[in-house]
1. Suppose every Lys and Arg Cβ carries +1 and every Asp and Glu Cβ carries -1, with no other charges. What dipole size does region 5-57 come out with about its Cα centre, to the nearest 20 debye?
2. What span do the alpha-carbon atoms of region 1-89 cover on each of the three principal axes, reported in whole Å from largest to smallest?
3. Which residue, chosen from 14, 29, 49, occupies the Cα position most advanced towards the positive end of the dipole of region 7-55, where the dipole is computed from +1 (Lys, Arg) and -1 (Asp, Glu) charges on Cβ about the Cα centre?
4. What is the calculated FRET efficiency for residue 22 to residue 79, with r their C-beta to C-beta distance and R₀ = 25 Å, to the nearest 0.05?
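FYI, it's all coordinate maths here, none of it is from the lab. Nothing here was measured: the structure is a model prediction, and the numbers come from that model. As a convention, Cβ positions derive from the backbone with ideal geometry for all residues, glycine included, and neighbour counts pool all protein chains shown.
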Amino acid sequence: MPARYDILLKNASVVDPVNNRNAVMDVAVADGRIADITPDMDSELAGDWIDLGGFYLIPGIIDLHVHASSWLGGRYGHKMMALAGVTTALDMSVYALRTDTISITGDTLKTRRSQPTDSVRWV
């Protein structure tokens, strides 16, 4: 019988506030997308599986206050954010009085830069 999922992430502490999840669950991945999230799935349903017992599994982290300029975060700032699970970040470095929104997806890094401003506004 062919595997239904490419990989199964078993026994992870899944924390997903948007979908009201905070429990030990299994996450099935098929074609690069999450296919199912449920407790205690049969590992025979996947081509491969990883036991994540004792680890947290969360959606991408949005960091609303980073300093990733060349003089504060250095050239490794974006890589460190990606390794920590940050998928979107708001750069609060005021060195050029602008706001950068950084979105990291897979191996792609996109930056959306707003127009320069003479003040910083807190929302």
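1. Values: 3 positive and 10 negative charges, 56 e Å.
Here region 5-57 has a charge dipole of around 260 debye.
2. 55, 26, 21
3. Selected residue: 14.
4. Numbers: r = 29 Å, r/R0 = 1.16.
Using R0 = 25 Å, I get an efficiency of 0.30.
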